[in-house]
Amino acid sequence: MNILVIGSGAREHALAWKLRQSPQVSQLFVAPGNAGTAAIATNLPLSTSDLPALASAAQEHKIDLAVVGPEAPLAAGIVDLFQEQGIPVFGPTQAATRIESSKVFAKELMLKYNIPCARGEVFDSYPEARAYLQKHPLPVVVKADGLAAGKGVTVANTKEEALEALSSAMERRAFGTAGDRVIIEECLIGREVSLLAFADGETVAPMVPACDYKRALDADQGPNTGGMGGYSPPRFFHKNLAMEVQERILVPAVRALAREGSPYRGVLYAGLMVTKDGPQVLEFNARFGDPETQVILPRLKTDLVEILVAVVEGKLHGVKIGWHEEACVGVVMASGGYPASYETGHPISGLDTVDEDTMVFHAGTKIDPSGQVVTDGGRVLTVAALGQTISQARKKVYANVPRIHFPRCHYRGDIAALEED
Ligand code: AMP
Ligand code: GLY
């Protein structure tokens, strides 16, 4: 099979790395990819927002399966376009992607089908939202409806913060039309976990659970980022909880979307808060998580091609998915200054000094004209390692991270520290 992975992050490198291990794969392409994917696949220099160019490339290279990483092309309808052109593609349609691209759609779906989530109200009028917010107890959560590159959610501890978030979204339109509607909801207290599942429209097969770290600095200080690391599995998330999430959240969500006329095929990502009243949905994503994927796929025993094809063909019920017992920890190495402004073009050294069984998934990297791998983004690498326990995986990953160098490199030192035994 010829396979095309769409995207350029460490998530897409991890997908390409896992797909490369399949005996079913002949040619592997990544669009646009990075220096890491260039070593195991052919990069195609195409933007993930240029859907017609991606479809032409898929035709040209006789792609038997396209795998979409990020949410923006999904929300723009890449799956619908590929399907129209007869290109097999893994990911939800534009309509099904609304579960991520519209938080209002997701909230209304959850309320209609009794899927546990935070109590909240939807507003399309700024004065009404403001009046409601004035009376809401603290802390309170303000969410812009649409995609806002991870910046659309504010958990506010003060009225000022909450009003500022609301004004930014609805009055000053910081996220454009994504802030035309907002949700104001209660703040849930508990432990956060991500449970991702493969879904073929009917069958739902959960992956192993994972946790990610969103803040830039140790001890969850500093600004929110696209993710600074992660691990799998979190110990608190035992089998019964996973079954509860499967029965009360994942299966009902997939059934609900089918009933609403938008059957869901792809990865359904449930961002959860495990509260004293049980697991509740914080958000759904319509794709693999980043950095969750980098710590989940190393634990996958089964051929990923087999699973993805089964999803596309609606035959997931026939696949037995196996997972390694080992734990996985992933640490993101970022450019100094990220998520605010940072420099790029710094040479990365030491990549060839990491242990053979340690994985280095590239994100913001490229190969400069002299053949040197240089930094090319905020999040540069995810270094991941497996171990018998989280502690062992953690030790291994932190033994390897310092062997890699680039100027002004920054990473968190406390990824998975809470899980140490
Ligand atoms: P989202 O983009 O919806 O995942 O929100 C980003 C982050 O905000 C989540 O990962 C949570 O840490 C936090 N969050 C979102 N909704 C809530 C809520 N209702 N209660 C507490 N924290 C929340
Ligand atoms: N790790 C969060 C996300 O992928 O959205």
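The values are calculated or read from the model by the stated rules, or taken from the named source; none is laboratory data. Treat the numbers as computed from the prediction; the structure is a model and nothing was measured. All Cβ positions, even for glycine, are placed from backbone atoms using ideal geometry, and neighbour counts span all protein chains on display. The area values use the complete protein model at the heavy-atom level, side chains included, leaving out ligands, DNA and RNA. Shrake-Rupley method; radii C 1.70, N 1.55, O 1.52, S 1.80 Å.
For region 397-420, how many residues are touching a residue at least 60 places away in the same chain (Cβ under 8 Å) and of a type outside the set (Phe, Trp, Tyr)?
Qualifying residue count for the region: 13.
Whether any residue in region 249-257 is farther than 29 Å from Phe361 by Cβ, β-branched (Val, Ile, Thr), out of contact with any helix residue (DSSP H, G or I) (no Cβ under 7 Å at 6 or more places or on another chain) and within 14 Å of ligand 1 (Cβ to nearest atom) is what I want to check.
For region 249-257, residues farther than 29 Å from Phe361 by Cβ, β-branched (Val, Ile, Thr), out of contact with any helix residue (DSSP H, G or I) (no Cβ under 7 Å at 6 or more places or on another chain) and within 14 Å of ligand 1 (Cβ to nearest atom): absent.
Can you name every one of the strands (runs of 3 or more DSSP E) wholly within region 140-201 that holds 2 or more residues which are open to solvent by less than 20 Å² (accessible area, probe 1.4 Å) and touching an Asp or Glu at 6+ places or on another chain (Cβ under 9 Å)?
140-144, 182-186, 191-200
Identify, from the list Gly336, Gly330, the residue that is small (Gly, Ala, Ser) and within 16 Å of ligand 2 (Cβ to nearest atom).
Gly330
Tell me which residues, restricted to region 209-221, are farther than 12 Å from Tyr411 by Cα and away from ligand 1 (no atom under 14 Å from the Cβ).
Pro209, Ala219, Gln221
Would you pick out the residues in region 94-119 that are small (Gly, Ala, Ser) and closer than 19 Å to Glu192 by Cα?
Across region 94-119, the qualifying residues are Ala106, Ala118.
Residue by residue, here is whether (1) over 20 Å from Thr275 (Cα atoms); (2) within 14 Å of ligand 1 (Cβ to nearest atom) holds:
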position	(1), (2)
Leu81	yes, no
Glu84	yes, no
Thr93	yes, no
Lys107	no, yes
Gly120	no, yes
Asp124	yes, no
Ala148	yes, yes
Asn157	no, yes
Leu163	yes, no
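Just give me the residues in region 261-273 being over 25 Å from Val153 (Cα atoms) and either open to solvent by less than 30 Å² (accessible area, probe 1.4 Å) or in contact with a helix residue (DSSP H, G or I) (Cβ under 7 Å, 6 or more places away or on another chain) (or both), in sequence order.
Hits for region 261-273 are Ser262, Pro263, Arg265.
Pick from region 219-234 the residues that are assigned to a strand (DSSP E or B) and more than 14 Å from ligand 2 (Cβ to nearest atom): which of them is least open to solvent (accessible area, probe 1.4 Å)?
Of everything passing the filter in region 219-234, Gly222 is least open to solvent (accessible area, probe 1.4 Å).
Given the structure, is Leu15 closer than 30 Å to Glu247 by Cβ and either open to solvent by 70 Å² or more (accessible area, probe 1.4 Å) or in contact with a His (Cβ under 7 Å, 6 or more places away or on another chain) (or both)?
Criteria not met by Leu15.
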